[in-house]
Amino acid sequence: MTSHDRTRDDTLPRRGLVKEVTSLANPVIKDIKALSQKKNREASGHFMAEGLKLVIDALDTGWHIDTLIYAISAKGKPLVDKVAARVVAGGGLVLEVTEKVLSSITHRDNPQSVVGIFRSRWTPLAEVKPNAGETWVALDRVRDPGNLGTIIRTADAAGASGVILIGETTDPFALETVRATMGSVFALPLVRTAAADFLKWQRHAGASVIATHLKGAIDYRKPDYAAKPVVVLMGNEQAGLPDDLAEAADVRVRIPQQGRADSLNLAVATGVMLFEARRHLLTLDDR
Ligand code: SAM
């Protein structure tokens, strides 16, 4: 990046350039702010992620940054300059913005100093062909962004192969969810599907579908998780699993509980299940 690569006005910026933007009325800033709404993320196919580490991890795992935005105060920091140069070299747009612009984009008073805009990626269910040793998570109508983000992060940490979202779910590319994934949104394939299509797929997927259910008769530690690839199927936060999904599963398991709580939080139950399902595959030598 050289000094003549820079422009300094609030008209529409060109790609492969670094541009300083100070106005909230700039049309590019308006488009980026619009990504806080699901309908605009769906229409544009883009989402935003905050934080320098997360943006570097995304680049390192092969994600293309469409637009990089950073606070003017972060200019000159070696890692920020390096990321900006990579984005410019890849034909992306780089915007240096004021703290005020960054706060309005991220809806935070003390925003992270770097934000990346990425193209959302969905993996079609038909492309999911679980192999031996693979564990997938399927979530029925997950509602809570924090739960979904935590589950994606936990699935990544447990070595799961991906997350299948069944039915009407919260958006994994919402800013709050992306924050909760701590970067794991870039690491795992995400699939969305209707319940009927999931049921058709599971008949031929060659995996054991292990449903979790508060009425499950089998202790979650009993199934042989090593026999086949596994899909751990989790229910909605309020309603649990509907009968059609629960009955079509190979087995319905329950995590024994003591105390007064009716059930575990969905993300916690998913974590317990995943680490049990992959217990035979996880060792302290993994990293
Ligand atoms: N009222 C709901 C019900 O009756 O199922 C509670 C749902 S619970 C908060 C959300 C999901 O977490 C459940 O559908 C199930 O997948 C999982 N879960 C929570 N506690 C569990 C337990 N003790 N055993 C098995 N699954 C559990």
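What follows is calculated from the coordinates using simple rules that are stated; it is not laboratory data. None of these values were measured; they are calculated from a predicted model. All Cβ positions, even for glycine, are placed from backbone atoms using ideal geometry, and neighbour counts span all protein chains on display.
Filtering segment 219-244 down to residues that are aliphatic (A, V, I, L, M) and within 10 Å of the ligand (Cβ to nearest atom), which residue is nearest to Ala155 (Cα to Cα)? Give the derivation first.
At the first step, the residues of segment 219-244 found to be aliphatic (A, V, I, L, M) are 226-227, 230-234, 239, 241.
After this cut, where a residue has to be within 10 Å of the ligand (Cβ to nearest atom) as well, the list is 232-234, 239, 241.
Working: Val232: 11, Leu233: 13, Met234: 13, Ala239: 22, Leu241: 20 Å.
Within segment 219-244, the match that is nearest to Ala155 (Cα to Cα) is Val232.
Collect the residues in segment 134-148 that are within 16 Å of the ligand (Cβ to nearest atom) and either part of a loop (DSSP other than H, G, I, E, B) or under 30 Å from Val88 (Cα atoms) (or both), keeping them in residue-number order. Lay out the reasoning, then the answer.
In the first step, residues of segment 134-148 are kept if they are within 16 Å of the ligand (Cβ to nearest atom); the result is 135-148.
If the condition is that a residue be within 16 Å of the ligand (Cβ to nearest atom) and either part of a loop (DSSP other than H, G, I, E, B) or under 30 Å from Val88 (Cα atoms) (or both), then Arg141, Val142, Arg143, Asp144 are the ones that fit.
Need pairs with beta-carbon distance below 9 Å; first residue under 22 Å from Pro145 (Cα atoms) and within segment 24-43, second in a loop (DSSP other than H, G, I, E, B) and charged (D, E, K, R); sequence gap 6+ or separate chains.
Lys38/Asp171; Arg41/Asp171; Glu42/Asp171
Scan the helices (runs of 4 or more DSSP H) fully inside segment 36-133 and keep the ones with 2 or more residues being crowded, with 21+ Cβ neighbours inside 10 Å.
52-60, 78-89, 99-106
Specify which of the listed residues (Leu245, Leu233, Leu274) is more than 22 Å from the chain's Cα centre (by Cα) and either of a type in the set (A, V, I, L, M) or more than 19 Å from Val142 (Cβ to Cβ) (or both). Can you show your working first?
Numbers: Leu233 fails: more than 22 Å from the chain's Cα centre (by Cα); Leu274 fails: more than 22 Å from the chain's Cα centre (by Cα).
Step by step, each of Leu245, Leu233, Leu274 is checked, and only Leu245 is more than 22 Å from the chain's Cα centre (by Cα) and either of a type in the set (A, V, I, L, M) or more than 19 Å from Val142 (Cβ to Cβ) (or both).
Only one of these conditions is not met by Ala180: (1) of a type in the set (A, V, I, L, M); (2) part of a helix (DSSP H, G or I); (3) in contact (Cβ under 8 Å) with a residue 40 or more places away in the chain. Which number is it?
Single failed check for Ala180: (3).
Please specify each residue of segment 178-194 satisfying the condition of being farther than 13 Å from Ser120 by Cα and in contact with a helix residue (DSSP H, G or I) (Cβ under 6 Å, 6 or more places away or on another chain).
Of all residues in segment 178-194, those farther than 13 Å from Ser120 by Cα come to 179-184, 193-194.
Selection gives Ala180, Thr181, Met182, Gly183, Ser184, Thr193.
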